[in-house]
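A quick write-up on the structure given underneath.
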Amino acid sequence: MRYLFEAIHSDGRKVVQTQDDVSKTRPTGSAFSDVEPGQVLWFILRDAENGSSVAEVDLRTGKFTVGGASFSVEDDAAPLRERSLVYFRRHWHTLNVGVFGEPDEIEHRVTFHIGYTGRDHNGVERQHTISIS
Amino acid sequence: MAATFEFREANGAGQTITNARTECNWKNIDDSTTAYTSSPITAGNNSFEKWQFGYLSGSWNNISNGYFDHTAGALGTGLTLKCQPSMTTGTDKLAYATPSTTANSSLSKTITSVNSSFPTGAAVVWFSKTSQTGTMTSSVSNTGTDVAYTNYLTTQLQTTGSAAAGDTATVTLTLRYDEN
């Protein structure tokens with residue numbers, strides 16, 4: 001994987017994903033199986049080669065940080081509450097049909113999505129995510 | 001080991017599964033081995049259906065948000081591409097049938113045109129932890145030593161007499177899903 005995550009929970013527990021992407025508690029679960037989305041305070045996506053932070057989200061404030069710049073997508077006057085982490089990898093498997101003599105599956109593309117859900121002042125659940133290619 | 005994905009294909013009356021498929025060429029034979037150039041479709045006839053599906057193994061937590069469609073490459077005159085309908089309930093999954101060249105009416109979604117708004121309008125794909133014909137839901141979670149299957153992503157190229165001889169244009173099919 002191009003990016004590996006680090007999830008810091010409210011009780012201080014840290015889940016750090018490795019390339020094996022294996023849960024410490026579940027036989028064939030991924031590392032994310034060990035994450036409790038509602039308890040995460042800070043979620044960091046790191047470059048798998050050099051460990052540098054690529055993107056982060058602070059679940060306490062709803063702020064994202066990318067390339068050292070922090071920003072919010074919420075209304076300052078009406079911040080969301082009960083934020084819960086959202087993280088997934090979006091996979092595209094592409095088959096090119098009709099290429100004689102060559103395997104058709106020509107691409108497997110993955111984008112990484114981080115963010116959160118939360119409730120607005122009307123109690124309606126909202127979701128904010130950013131994607132990293 | 002991190003999650004791994006492959007396309008698989010079923011052929012024959014016995015639903016014989018071939019793993020790790022990397023091609024989806026429509027042809028006038030039901031197998032996973034013959035080159036399409038050796039079994040071309042005669043204009044006015046249809047291809048054998050391609051009964052393919054996705055298979056996920058390794059370590060994973062949740063899979064959801066599946067979509068499948070024709071995303072690039074225009075098909076010529078006299079060619080119609082059909083696929084399985086969108087999953088809206090568990091009963092929408094296709095039960096396997098021995099592939100034939102008869103126009104399969106269960107392939108009710110027409111994907112002849114490129115879907116440039118993918119995944120809007122694409123066939124929704126569901127998942128099962130038992131098989132490609134097992135109980136399907138829009139998302140599945142790994143509760144133990146689970147693997148996951150998509151519903152059958154069955155396609156058939158149907159032709160009329162006006163279809164041009166020779167290879168079709170290269171067509172791109174895309175399967176998309178979310179996983180963590």
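The values are calculated or read from the model by the stated rules, or taken from the named source; none is laboratory data. Computed from a prediction, not measured in an experiment: that's the story for all the values here. Neighbour counts run over all protein chains shown; Cβ positions are idealised from the backbone, glycine included. Ligands, DNA and RNA are stripped out before the accessible areas are found, and what is left, the full protein with its side chains, is counted by its heavy atoms. Shrake-Rupley method; radii C 1.70, N 1.55, O 1.52, S 1.80 Å.
Residues in the range A:77-91 that are of a type outside the set (Lys, Arg) and open to solvent by 40 Å² or more (accessible area, probe 1.4 Å): A:ALA77, A:PRO79, A:GLU82. Screening A:VAL40, A:VAL97 for residues that are modelled with pLDDT of 95 or more and open to solvent by less than 20 Å² (accessible area, probe 1.4 Å) leaves exactly one candidate, A:VAL40. A single member of A:GLU56, A:GLU107 is crowded, with 17+ Cβ neighbours inside 10 Å and of a type outside the set (A, V, I, L, M, F, W, C), and it is A:GLU56. Could you say whether any residue in the range B:24-43 is on the phi < 0 side of the Ramachandran plot, in contact with a Ser or Thr (Cβ under 8 Å, 6 or more places away or on another chain), hydroxyl-bearing (Ser, Thr, Tyr) and outside any loop (DSSP other than H, G, I, E, B)? Within the range B:24-43 (the criterion being on the phi < 0 side of the Ramachandran plot, in contact with a Ser or Thr (Cβ under 8 Å, 6 or more places away or on another chain), hydroxyl-bearing (Ser, Thr, Tyr) and outside any loop (DSSP other than H, G, I, E, B)), the answer is no, since none of the residues qualifies. Within the range A:91-112, does at least one residue satisfy the condition of being free of Cβ contacts under 8 Å to residues at least 60 places away in the same chain, assigned to a loop (DSSP other than H, G, I, E, B) and within 30 Å of B:THR145 (Cβ to Cβ)? There is at least one residue in the range A:91-112 that is free of Cβ contacts under 8 Å to residues at least 60 places away in the same chain, assigned to a loop (DSSP other than H, G, I, E, B) and within 30 Å of B:THR145 (Cβ to Cβ). Please specify each residue of the range B:13-35 satisfying the condition of being in contact (Cβ under 8 Å) with a residue 40 or more places away in the chain and either farther than 23 Å from B:GLY161 by Cα or within 14 Å of chain A (Cβ to nearest Cβ) (or both). Matches in the range B:13-35: B:ALA13, B:GLN15, B:CYS24, B:TRP26.
When restricted to residues that are over 21 Å from B:TYR177 (Cα atoms) and either acidic (Asp, Glu) or not in a loop (DSSP other than H, G, I, E, B) (or both), the range B:71-81 contains 3. Among A:ILE130, A:ILE44, which is within 21 Å of B:ARG176 (Cβ to Cβ) and more than 14 Å from chain B (Cβ to nearest Cβ)? None of the other options fit; the residue is A:ILE130. Of the residues that make up the range B:79-89, is at least one small (Gly, Ala, Ser) and within 17 Å of B:ARG8 (Cβ to Cβ)? Taking every residue of the range B:79-89 in turn, none turns out to be small (Gly, Ala, Ser) and within 17 Å of B:ARG8 (Cβ to Cβ). Residues satisfying the criterion are absent from the range B:153-172 (criterion: among the hydrophobic types (A, V, I, L, M, F, W, C), more than 14 Å from chain A (Cβ to nearest Cβ) and closer than 18 Å to B:ASP69 by Cα). Sort through B:PHE53, B:PHE7, B:PHE68 and tell me the only one that's within 9 Å of another protein chain (Cβ to nearest Cβ) and not in a loop (DSSP other than H, G, I, E, B). Matching residue, one of B:PHE53, B:PHE7, B:PHE68: B:PHE7.
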